[in-house]
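Asker: Got a structure for you, questions after.
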Amino acid sequence: MNRVRTLVEVIAVVGSAQARMLARRLRHGPRRPSWSLQTEAALTAMRAPMDHSKRRGVAWLREVTALLPVRSPQRAQVRLRDVRFGDVRCLECTPLADPAPSRTIFHIHGGGYVIGSPEMSLDAIVRIAVGAGARVVAVDYRLAPEHRFPAALDDCVAALRALLREVDASHVALAGDSAGGALCVAT
């Protein structure tokens, strides 16, 4: 029931923001001269839940992001399994075409250190695994604000150290997006 209530709230928030955007656009034109209606509508739809979360809190934003479907057309080409490295939960994604790839990519998801998970980055993880022909280990680091800095970095370092005890470092690459990219550099 909570999922339905959250979904209804998101639809109302996005719909209201879209209506305000259209009214403003009719009066003043596009926010930026190069923006099409579709671009402005997409930006508005992405921003509205983020702005609303300032009133509702991080837990609500996590509920919203968990509702988003993650579809990957290449999902059938990989095997997924939960693993632990250094007492940190990770999601391992291995291409079925090569069940024992020699290369491993250590992936760190984005989300501003506050939201996100390997499951939310599943499409990217699957595409990387299939495209690179490599095993992807996606770390599920602790999120703020419940866990203060440097908890996320500590999790990434611990997981990578444990992974490097199992595989040769010359066969491991780090990848990440947004906050995950910053964690890659820090790790």
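The values are calculated or read from the model by the stated rules, or taken from the named source; none is laboratory data. Model, not experiment: these values are computed from the prediction. Positions of Cβ are backbone-derived with ideal geometry, glycine not excepted, and every protein chain shown enters the neighbour counts. These area figures cover heavy atoms from the full protein model, side chains too; ligands, DNA and RNA do not enter into them. Shrake-Rupley method; radii C 1.70, N 1.55, O 1.52, S 1.80 Å.
Asker: I'd like the residue in region 19-50 that is open to solvent by 70 Å² or more (accessible area, probe 1.4 Å) and charged (D, E, K, R) and, out of all such residues, is farthest from the chain's Cα centre (by Cα). Lay out the reasoning, then the answer.
Answerer: Filtering region 19-50 down to residues open to solvent by 70 Å² or more (accessible area, probe 1.4 Å) leaves 20, 22, 26-28, 31-34, 37-38, 46-47, 50.
Next, only the ones that are charged (D, E, K, R) stay: 20, 27, 31-32, 47.
Numbers: 20: 28, 27: 36, 31: 28, 32: 28, 47: 16 Å.
That would be 27.
Asker: Sticking with this structure for a sec: For the subset of region 1-53 comprising residues that are hydroxyl-bearing (Ser, Thr, Tyr) and part of a helix (DSSP H, G or I), which member is farthest from residue 66 (Cα to Cα)? Steps first, please.
Answerer: Within region 1-53, the subset hydroxyl-bearing (Ser, Thr, Tyr) is 6, 16, 34, 36, 39, 44, 53.
If we keep only those that are part of a helix (DSSP H, G or I) too, we end up with 6, 16, 39, 44, 53.
Numbers: 6: 10, 16: 22, 39: 24, 44: 19, 53: 14 Å.
Here the residue is 39.
Asker: How many residues does region 165-187 hold that are part of a helix (DSSP H, G or I), surrounded by fewer than 15 Cβ atoms within 10 Å (Cβ to Cβ) and either touching a residue at least 12 places away in the same chain (Cβ under 8 Å) or not polar (S, T, N, Q) (or both)? I'd like the intermediate steps shown before the answer.
Answerer: Within region 165-187, the subset part of a helix (DSSP H, G or I) is 169-171, 179-186.
Subset that is surrounded by fewer than 15 Cβ atoms within 10 Å (Cβ to Cβ): 169-171, 181, 185-186.
Now narrow it down to the ones that are either touching a residue at least 12 places away in the same chain (Cβ under 8 Å) or not polar (S, T, N, Q) (or both): 169, 171, 181, 185-186.
Final tally of qualifying residues: 5.
Asker: On the basis of being closer than 22 Å to residue 138 by Cα, in a helix (DSSP H, G or I) and touching a residue at least 40 places away in the same chain (Cβ under 8 Å), does residue 94 make the cut?
Answerer: Details: closer than 22 Å to residue 138 by Cα: yes; in a helix (DSSP H, G or I): no; touching a residue at least 40 places away in the same chain (Cβ under 8 Å): yes.
No.
Asker: Sticking with this one: Taking region 59-82 as the search range and keeping residues that are open to solvent by 50 Å² or more (accessible area, probe 1.4 Å) and closer than 19 Å to residue 12 by Cα, which one is farthest from the chain's Cα centre (by Cα)?
Answerer: 59
Asker: Sticking with this structure for a sec: Under 7 Å between Cβ atoms, at least 6 apart or on separate chains: pull out the pairs that start in region 150-164 with a residue that is under 11 Å from residue 174 (Cβ atoms) and open to solvent by less than 10 Å² (accessible area, probe 1.4 Å) and end on any residue that is of a type outside the set (Phe, Trp, Tyr) and in a helix (DSSP H, G or I).
Answerer: Hits for this filter: 156/183.
Asker: Let me ask another. What number goes with the only condition from (1) at pLDDT 95 or above; (2) among the aliphatic types (A, V, I, L, M); (3) assigned to a loop (DSSP other than H, G, I, E, B) that residue 83 does not pass?
Answerer: If we test residue 83 against (1) at pLDDT 95 or above; (2) among the aliphatic types (A, V, I, L, M); (3) assigned to a loop (DSSP other than H, G, I, E, B), just (3) comes out false.
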